Amino acid sequence: MSEKVLMKGNEAIAEAAIRSGCRFYLGYPITPQTEVAAYMAKRMPKIGGTFLQAESELSAINMVYGVASAGKRCMTSSSSPGISLKCEGLSYLAACDLPSVIVNVQRGGPGLGGIQPSQSDYFQATKGSGHGDFRMIVLAPSSVQEMADLTSLAFDLADKHRMPAMILADGTIGQMMEPVELAEDMHATQYEKPWACTGTKLERGHNIINSLILKPEILERLNIERYEKYKIVESEEVRYEEYMMDDAEICIVAFGIASRVAKSAIMEARKQGVKVGLIRPITLWPFPAEPIRAAADKVKAFISVELSMGQLIYDVRLASECKKPVHLCSRVGGMITSPDYVLKKILEVNEMGGAV
Amino acid sequence: MVVFEKPHGLTDVPLHYCPGCTHGIIHRLVAEAMDELGIEGRTVGVASVGCSVMSYDYFNCDMVQAAHGRAPAVATGLKRALPDNIVFTYQGDGDLAAIGTAETVHSAARGENITIIFVNNAIYGMTGGQMAPTSLPGQVTQTSPYGRDVKTAGYPVRVCELLSSLDGPAYLERVSVDSPKAVKNAKRAILKAFRNQVEGKGFSLVEVLSTCPTNWGMTPVEALEWCRENMVPYYPLGVYKDKYADEEAAK
Ligand SMILES: Cc1ncc(C[n+]2csc(CCOP(=O)(O)OP(=O)(O)O)c2C)c(N)n1
Ligand code: SF4
């Protein structure tokens, strides 16, 4: 049974997590994601779950590591500066193949930055969330409904592939209120976790969760095996939305809040006779490279619309194999692109034709 | 009649510790505590970063290896997820009292129902003998080659004393393993720290003064003497907190 309710994006994440079977939330306050913690603090004690305010993000992510080691669904959330602190833990979670869900409601950086929305943690989330060779599944919601749906998906994918999964949201979607439909039970699949440390009961050999591998030949093999798994994730889990791409001559690539602004700009541009469409990655990793590669044969140019100084644009260039020019349209520091700002860029690129 | 055998709580993997290192004795005491309380099958241990990192191979219970200093946070997660299990950490002084100070203090302040075995050997063993938060004033190490100068390197941290000001911990005791008598006493303390958890009494930490003959540059016997003559006076042995002492005495 589903119900439709008006909710803030951050609350939708929290409620969806609970309905996906998450009973452990470990966090530390930071704007603009604190509603997730506040919601969990209210709800968890009522349903026999655990809410714990840790002494730092470092501690919170390591509590997640503990809960995940016991094979239980768990989540932590933060915003950009806090995610930097969690990176140590993310590396360990990935190294130990521990399913876990991490939410980043991004704000402007670097440093302490600001508290307004941003997408400038794209590199961190998709390329460098800690030391060593590893990947996380990264999901980018663009509506409050998706905050809920992708949270639920994150739990399933994390369990299915035994790896951390991140919701990469931003302050706007975190704070905005929209109607959402929530299924009573969003816990799609239950996964067996024979690897979990829950006590041997003297019935089996001891389980060990560990990432110290001193023999280089073994550590190399484990890395290669993990990347075999990542190949499977790349082939099975890519998700994206195409919008008005059928006849498009210009292709915008944008995710999250930037994609919503882009859609408004596309409507306006089309009124003026410019054929522009959108490819919206829903999974930032695995990245939807294939549709972008295909679009490169049809369109005359790409525009990467992002709230960062040009991070997503690298993946667009790689995916399109630089066959067509890729332009950047961005605002940063907590400033948000307006539809007019994007429209101006579309018209400019349209004027240039296929020129760089 | 069997007079002496390996506790079931230890695996058959040979310990890698240096000759005369007291980590081995402390491992045995932890394993004996699991045996005596019959809890091995429901215990999850947390190995820390330091010489004892590979304790995940030595203890027969389920084991989770934690990042440097984070063992009490990992143990908190485990215990919250598995309230009916027994969760312990095994940590060195660099791990517990330097990089992991916040995790130590706050798991104690929350009164997490976990057991911490804190091995204080006044040095960073694994990385080759650098100054630890517990290195003594004047102690020569790789990173205090002229002796620990408290004017620039500060003073050692006395963990039991520090934590004893908190309301959270149930039990804090400092013991040593420098003689058979001391080992017997340490065994009692470690057993109590585990029993406390079984009985739901809360945060229990046993600090064990330990030796590092290799990085102290001593023979095992000299190291035991150095511990007795230099560490024990600076780190007085004894109970620093026992919330339930009166209750237990009345029984
Ligand atoms: C984040 C991080 N920093 C530094 C290290 C390197 N390191 C490994 S063990 C260790 C010191 C451990 O000393 P201690 O906790 O006293 O244990 P001991 O080896 O003496 O038993 C350090 C600094 C590391 N592994 N991780
Ligand atoms: S280096 Fe020191 S603490 Fe480490 S095993 Fe050797 S003697 Fe023990």
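The values are calculated or read from the model by the stated rules, or taken from the named source; none is laboratory data. Computed from a prediction, not measured in an experiment: that's the story for all the values here. Counting neighbours? That spans all protein chains shown, and the Cβs are built from the backbone with ideal geometry, glycine included. The area values use the complete protein model at the heavy-atom level, side chains included, leaving out ligands, DNA and RNA. Shrake-Rupley method; radii C 1.70, N 1.55, O 1.52, S 1.80 Å.
Remark: C-alpha extents of the stretch A:57-116 on the principal axes read 36, 17, 16 Å, sorted largest to smallest. Per-residue 3J(HN,Hα) values for the stretch B:152-158, derived from phi via the Karplus relation 6.51 cos²θ - 1.76 cosθ + 1.60 with θ = phi - 60°, read 10, 9, x, 9, x, 9, 9 Hz in sequence order (x marks Gly and Pro).
Computed over the stretch A:127-217, relative contact order equals 26 percent, with contacts defined as Cα pairs under 8 Å that lie 6+ residues apart. Of the GluC sites (Glu not before Pro) found in the stretch A:248-329, those that fall in a DSSP loop while having at most 13 other beta-carbon atoms within 10 Å are A:321. Using the Karplus relation 6.51 cos²θ - 1.76 cosθ + 1.60 with θ = phi - 60°, the per-residue 3J(HN,Hα) values for the stretch B:121-127 come to 10, 6, 6, 8, x, 4, 8 Hz, with x marking Gly and Pro. For residue A:4, go through the aspartates and glutamates and keep the ones whose alpha-carbon is under 15 Å away, minus same-chain ones fewer than eight residues off. Answer for residue A:4, where 15 Å is the Cα cut-off: A:15, A:146, A:149, A:178, A:181, A:184, A:185, listed by chain and number.
Pairs of Lys residues in the stretch B:97-251, spaced 8 or more positions apart or belonging to different chains, with C-alpha separations under 28 angstrom: 23 in total. Nearest-5 percent of antiparallel DSSP beta bridges in the stretch A:241-352? Restricted to the stretch A:241-352, the bridges split so that about 20 percent are antiparallel.
For residue A:201, the aspartates and glutamates whose Cα falls under 16 Å of its own Cα, not counting residues fewer than eight places away in the same chain, are B:35, B:36, B:40, B:62, B:84. When B:222, A:88 are compared by accessible area at a 1.4 angstrom probe, the order from most to least is B:222, A:88. Net charge dipole, the stretch B:23-250: roughly 200 debye, given to the nearest 20, about the Cα centre with Cβ charges of +1 for Lys and Arg and -1 for Asp and Glu. To the nearest 0.05, what FRET efficiency results for residue A:46 and residue A:213 with a Förster distance of 56 Å applied to their C-beta separation? About 0.85, to the nearest 0.05. Entry note, chain A: relative contact order of 18 percent, from Cα contacts under 8 Å with a spacing of 6+ residues. When Rg and Dmax are taken over the Cα atoms of the stretch A:104-196, they come to 15.0, 44 Å. Note on residue A:160: lysines with a C-alpha under 21 Å away, same-chain residues under 8 apart excluded, are A:72, A:193, A:229, A:231. Put simply, the C-alpha atoms of the stretch A:164-319 give a gyration tensor, and the ellipsoid matching it has half-axes of 41, 22, 14 Å, longest first. Per-residue shielding of A:149-159, expressed as the average number of other chain Cβ atoms within 10 Å of the residue Cβ, stands at 0. Each of B:101, B:89, B:11 has its accessible area taken with a 1.4 Å probe; listed largest first, they run B:101, B:11, B:89. Restricting the calculation to Cα atoms, every distinct pair contributes to the Kirkwood radius of the stretch B:23-250, found to be 17.4 Å. Amide H to amide H, with H built 1.01 Å from N, residue A:284 comes under 5 Å of A:138, A:139, A:140, counting only residues 5 or more places away or on other chains.
Determine Rg/Rh for the stretch B:1-153; Rg is computed over alpha-carbon atoms and Rh is the Kirkwood hydrodynamic estimate from the same atoms. Rg/Rh: 1.01. Ranking A:196, A:167, B:83 by Cα position along the charge dipole of the protein assembly as shown, where only Lys, Arg, Asp and Glu carry charges on their C-beta atoms, puts A:167 farthest toward the positive end. The smallest convex shape that holds all Cα atoms of the stretch A:126-169, its convex hull, gives 55 Å³ per residue.
Chains B and A together bury roughly 2500 Å² of accessible area, counting both sides, with a 1.4 Å probe on protein heavy atoms only. Here, the stretch A:241-352 has an Rg and a Dmax of 12.3, 35 Å when only alpha carbons are counted. Rounded to two decimals, what ratio of Rg to Rh does the protein assembly as shown give with C-alpha atoms and a Kirkwood Rh? That ratio equals 1.05.
Note on chain A: helix-only mean residue ellipticity at 222 nm, from DSSP H runs of 4+ residues weighted -39500 (n - 2.57) and normalised by residue number, equals -12500 deg cm²/dmol. Mean residue ellipticity, 222 nm, helices only, chain B: the sum of -39500 (n - 2.57) across DSSP H runs of n ≥ 4, divided by residue count and rounded to 500, is -9500 deg cm²/dmol. Evaluated over the Cα positions of the stretch A:26-150, the convex hull gives a direction-averaged projected area, one quarter of its surface, of 7.5 nm². Measuring only protein heavy atoms, the 1.4 Å probe finds residue B:234 accessible over about 50 Å².
Size descriptors for chain A, from the alpha-carbon set: Rg then Dmax equal 20.6, 73 Å. Of the GluC sites (Glu not before Pro) in the stretch A:132-205, the ones in a loop by DSSP (not H, G, I, E or B) with at most 15 other beta carbons within 10 Å are A:184, A:192, A:203. Distance from the Cα centre of the stretch A:214-282 to that of the stretch B:137-183, in angstrom? Rounded to whole Å, the Cα centres lie 54 Å apart. When only the Cβ of Lys, Arg, Asp and Glu is charged (+1, +1, -1, -1), the dipole of chain A relative to its Cα centre reaches about 300 debye. Across the options A:205, A:120, A:219, the greatest Cα extent toward the positive end of the charge dipole of the stretch A:5-236 (unit charges at beta carbon of Lys, Arg, Asp, Glu) belongs to A:205. For the set A:127/A:263; A:263/A:344; A:8/A:42, the pairs lying more than 21 angstrom apart at their alpha carbons are A:127/A:263. Accessible area of residue A:212 (1.4 Å probe, protein heavy atoms only, ligands and nucleic acids ignored): about 50 Å². Could you work out how far helix A:80-95 tilts from the main Cα principal axis of chain A, as a 0 to 90 degree angle to the nearest 10? Roughly 60 degrees, rounded to the nearest 10. Where both bridge residues fall in chain A, DSSP classifies roughly 30% of the beta bridges as antiparallel. Rolling a 1.4 Å probe over the heavy atoms of the protein chains gives chain B an accessible area of 38 Å² per residue. Counting only DSSP beta bridges with both residues in the protein assembly as shown, the antiparallel share comes to about 25 percent.
Viscosity 1.567 mPa s, temperature 4 °C: Stokes-Einstein D of the stretch B:160-217 from its Kirkwood Cα radius, in µm² per second? Taking Rh from Cα pairs, D becomes 104 µm²/s. Evaluated with a Cβ-only charge set (Lys, Arg +1; Asp, Glu -1), the protein assembly as shown carries a dipole of roughly 440 debye about its Cα centre, given to the nearest 20.
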